[in-house]
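Have a look at the structure below, then the notes.
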Amino acid sequence: EDRARGSSVFSRIALPAMASATPAYQFASKGYHAAFAPQPKIEPDGLRAAAIDYIKKFDSKSWYNNPIRTILRGEHMTGGKGKTTCDAFGRENGAQILATDAQAEEVLRHVKNYKPPQVDYRAAMRRIDTKILSLPMAGEIIGNQALDFGKQDGITEIVESVEANAVEQRLNDALFEDEQKGNVKIHRFPAFIGCVSNFSNFLDLCRKVLRNMELGVPVVVLSRSNTTQHCYRWFLLLLDLLAQEGIDSGMLTYFSCDIEQTKTLFRACPECPAYFTCSREVAESVKKNLPKIMSSTGGPNTMVATKYTPEISTALRYSAMIENKGQCTAMRHFVLPECTPEMVDEIFKPTPVINHVLESLESKGFAGLYAFNKHASRSDYKPVPSQPMIQWRMARRPPLEIEERWREPVVDITAPSSSDFRSEVFVRELSQWLIKEQPITLAVNGDEDLALKLFEQTGLGIYTVGTLENPGLTAQARPQDGECFGEFPPRAQLNTYTHLPVIIPSSTPGYNTEYTPEFLDRVAKGAYPPGLEYCEELFKGCSAPVLGMVKTLCIYLADSCGPKRGFGYDKGDRTSLFGLQRPPLLEDSPTVFRAAAGTTFDELAPYLAPFYVTNARSQFVVSVDPACGLSAQLGQFQGLRVVSEDEQAFQKRLASILPYNLITLSGKGSLEPILAMHWVSRLFCMGHIKSVKSKDDAFLAKFSASRKWLAMQSGASKL
């Protein structure tokens, strides 16, 4: 998801040595850091030529003659209602046969009853991985994506998929090895795949389908309301490759369905995970029917520039128009002091207007404006004089309400005065806006001190630090280089949209994996990491499974805290740092744990431990209903902020504060022994920050010293 390319060389920031029993699949652990190298390479020019040739020879009737249909156990099902499909811009482009109700019931029975013949398909699936991302198939899937979605640069996605897949395969290897040891159990209920349209070849085909299947997790690929043709076409290629490898066809299902059929399937299968990259509205709707949805959701990506320069103008245009804003990291909002309408016109005037995706593929473009991509004007937005298809609005303060407006060429502009822009009040207001809206990415150009402050006062997944002469775009993240990223909902609303936040790279089957009771029992009998011996007395009242979980979390954090240097450094590419981070460093935005009546110490302990043993200790508050009877146990935690209050008093106090996160416990929940990285991901920030400069040692020194990075807190609190 980037414009930069290159090879990868292993390197890291030197960190204090610590004893480690943390597997490589755990985000930011030492083993995780070691999983990034080496990486295979693929030649982009051959991919481009193949895709162009495929598109030029494409028969538009083929998507009608071979319509989308449900495929179950290799059987192509017909007889259902027919309909036409449409591309990303609502233009008809093919045919689809929806499943009949009887066929939908067959799919449901398959999902409920199918057991994978084996659990280790890694060798076969990786041969398939290589074939489908090599020529000639790679040219075909790029071409289909370009025709259906209008993707102007599908080449970079394949190049980066080849590199990132190698990393995620190693993470899967580590997870499978841990399962073989009896430490974890991968749940192999079929996984539902809700395809994303713009990065389907990497996010869906590779991350969600191949990585699940190689560890024996069956998958069900779901049709979409638009841009569903190119996803179905890679499904057909994959189905043929499975047959060539002798893999049971029950491992891969395509469900051509309407919304009601999908809801029925979801409601009947609460044990099944789902992987969606979508809007927050879609994620919320799905989660009401399917609790184990892993959703990656967008937000208003933002660029901040201290001054208008020709280079900043280009960066703003590229970020706003990339894939005609059909990219999850495309810019929706920018902050530019003293911005004027004349500047806005100057920024967007050079935007190329294209009539066909081939124009960009042949010219190596990626940010052309489709001439037919027209949308109704909004009264609160204005057309750009030189490019009237592009709409904008401007204000002195960040917008109170902002819609994503996917595929629409529209931007919001915050244009404070120069003096206001530098004020603490404005920076804090911008920080709070970023926390509320939770964009995926923030680029700050022209001021490293401002970038550091916004990094420390917010909780995003991607940060880019550029200069006025060499600005960073919002649309830049190479996970294979340690530019780890995720599309996270606002933290306080996490449970509304997703079961777990998704970080890339990671092991996809790991999102539906749990520790075994035997493992937790063994860990419970073991020691805490060095420096955390004080926890022995604090958590001794826990049951064995919960104590094992607490110690597992502590072992993970001891191994994984601190920034890690990314892998662009020695390649001459960007300089990055990634790792676990504290919540935003704002005094009046704590994480609040509400222990309602009935809450037990067993329920509270795994939430309390990650904060208490790290430098995030001062950033959380425990609100306890007196009926819980936890006062004596919590009184042993020196420096812990505890407020004893009934529900009415808590709700009244809650109305007067703005917590970063609120987690309510009630005594009704049992231990959910998910992987440590996933437990922690519900509490802490994770992702990366990068400099656009190569070998930027000054950036490393400045940003690695930030208080934002999560660090261990040795010894009892002296507060």
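The values are calculated or read from the model by the stated rules, or taken from the named source; none is laboratory data. Quantities reported herein were computed from a predicted structural model and do not represent experimental measurements. Counting neighbours? That spans all protein chains shown, and the Cβs are built from the backbone with ideal geometry, glycine included. Each accessible area value is taken on the protein alone, full model and side chains, heavy atoms only, with ligands, DNA and RNA left out. Shrake-Rupley method; radii C 1.70, N 1.55, O 1.52, S 1.80 Å.
Annotations for the structure displayed:
- Note on segment 76-102: residues that are open to solvent by less than 20 Å² (accessible area, probe 1.4 Å) and more than 30 Å from residue 408 (Cβ to Cβ) amount to 2.
- Residue identified as among the hydroxyl-bearing types (Ser, Thr, Tyr), closer than 23 Å to residue 491 by Cβ and touching a Lys or Arg at 6+ places or on another chain (Cβ under 8 Å) among 474, 441, 464: 464
- Pick from segment 449-470, criterion open to solvent by 20 Å² or more (accessible area, probe 1.4 Å) and in a loop (DSSP other than H, G, I, E, B), ranking: farthest from residue 325 (Cα to Cα): 457
- Residue 370 meets the conditions (1) more than 22 Å from residue 433 (Cβ to Cβ); (2) more than 29 Å from the chain's Cα centre (by Cα) in every case but one. The failed one is (2).
- Residue within segment 425-448 that is polar (S, T, N, Q) and open to solvent by 20 Å² or more (accessible area, probe 1.4 Å) present: yes
- Among residues of segment 242-258, those that are assigned to a helix (DSSP H, G or I) and either buried (at least 19 other Cβ atoms within 10 Å of the Cβ) or modelled with pLDDT under 95 (or both), counted: 2
- Members of segment 195-236 found to be assigned to a loop (DSSP other than H, G, I, E, B), on the phi < 0 side of the Ramachandran plot, open to solvent by less than 10 Å² (accessible area, probe 1.4 Å) and at pLDDT 95 or above, listed by number: 214, 215, 217, 218, 228
- Condition check for residue 605: in contact (Cβ under 8 Å) with a residue 12 or more places away in the chain and among the aliphatic types (A, V, I, L, M): yes
- Failed criterion for residue 528 (all others in (1) farther than 30 Å from residue 572 by Cα; (2) open to solvent by 10 Å² or more (accessible area, probe 1.4 Å); (3) at pLDDT below 95; (4) in a loop (DSSP other than H, G, I, E, B) hold): (3)
- Any hit, segment 608-625, residues being part of a loop (DSSP other than H, G, I, E, B), under 30 Å from residue 696 (Cβ atoms) and in contact with a Phe, Trp or Tyr (Cβ under 9 Å, 6 or more places away or on another chain): yes
- Among residues that are open to solvent by less than 10 Å² (accessible area, probe 1.4 Å) and of a type in the set (D, E, K, R), residue 708 is included.
- Among the candidates 562, 598, the residue that is over 25 Å from the mean Cα position of the chain (by Cα) and either part of a strand (DSSP E or B) or in contact (Cβ under 8 Å) with a residue 24 or more places away in the chain (or both) is uniquely 598.
- Only listed residue being among the charged types (D, E, K, R) and in contact with a strand residue (DSSP E or B) (Cβ under 6 Å, 6 or more places away or on another chain), chosen from 487, 401, 424: 487
- Filtered residue count, segment 320-372, keeping only those that are part of a helix (DSSP H, G or I) and of a type in the set (D, E, K, R): 6
- Yes/no for residue 59 being at pLDDT below 95, open to solvent by 60 Å² or more (accessible area, probe 1.4 Å) and closer than 30 Å to residue 153 by Cα: no
- Hits in segment 373-392 - residues which are assigned to a strand (DSSP E or B) and crowded, with 16+ Cβ neighbours inside 10 Å: 382, 384, 387, 389, 390, 391, 392
- Some residue of segment 150-165 being touching a strand residue (DSSP E or B) at 6+ places or on another chain (Cβ under 9 Å), open to solvent by less than 40 Å² (accessible area, probe 1.4 Å) and acidic (Asp, Glu): no
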